[in-house]
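The values are calculated or read from the model by the stated rules, or taken from the named source; none is laboratory data. A quick note: this is a predicted structure, and the numbers were derived from the prediction, not measured. All accessible areas refer to the heavy atoms of the entire protein, side chains included, with ligands and DNA or RNA removed. Shrake-Rupley method; radii C 1.70, N 1.55, O 1.52, S 1.80 Å.
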Amino acid sequence: MDQLGSVDIFSAVIWLPTPEGLSLAGQRMLAVLAFAVIVWMTEALDYAVSAIVIAGLMAFLLGFSPNPANPKVLLGTSAGLGLAFSASQIQH
């Protein structure tokens, strides 16, 4: 598996139906995790490059996820990155 394989797995997780009890943002982060694990295991990207790609994916995917407090509003990249890098949960 290489870069293409990691993109395939990432896409597959994104397009799977969201399981009950898991938010859309959670599903998207699972896709990023799968992508990261494959990229790191295969060393398809340099670690520094993979860090930038993963941070970019997190910012983009969380930024365009619905806010759990108000699902009609997007979370936004600032709040998404804060959530991703602080390991805290958004208050409902």
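Accessible surface comparison of Leu83, Leu16, probe 1.4 Å, protein chains only, largest first: the order is Leu16, Leu83. By the Stokes-Einstein formula, at 0.692 mPa s and 37 °C, the stretch 7-47 with its Kirkwood radius over alpha-carbon pairs has D equal to 307 µm²/s.
For the chain, the longest principal axis of the Cα atoms and the long axis of helix 24-42 meet at an angle of about 20 degrees.
The P(r) of the chain has a tail past 23 Å containing 25 percent of all C-alpha pairs. Taking the protein heavy atoms of the chain in the context of the full set of protein chains, the accessible area attributed to carbon and sulfur is 68 percent at 1.4 Å. Rolling a 1.4 Å probe across the protein heavy atoms gives the stretch 33-91 an accessible surface of 62 Å² per residue.
Once backbone amide H atoms are built at 1.01 Å from N, Leu75 has Ser65, Asn67 as its partners under 5 Å, excluding neighbours fewer than 5 places away on the same chain. Distance from the C-alpha centroid of the stretch 16-37 to that of the stretch 46-71: 12 Å, rounded to the whole angstrom.
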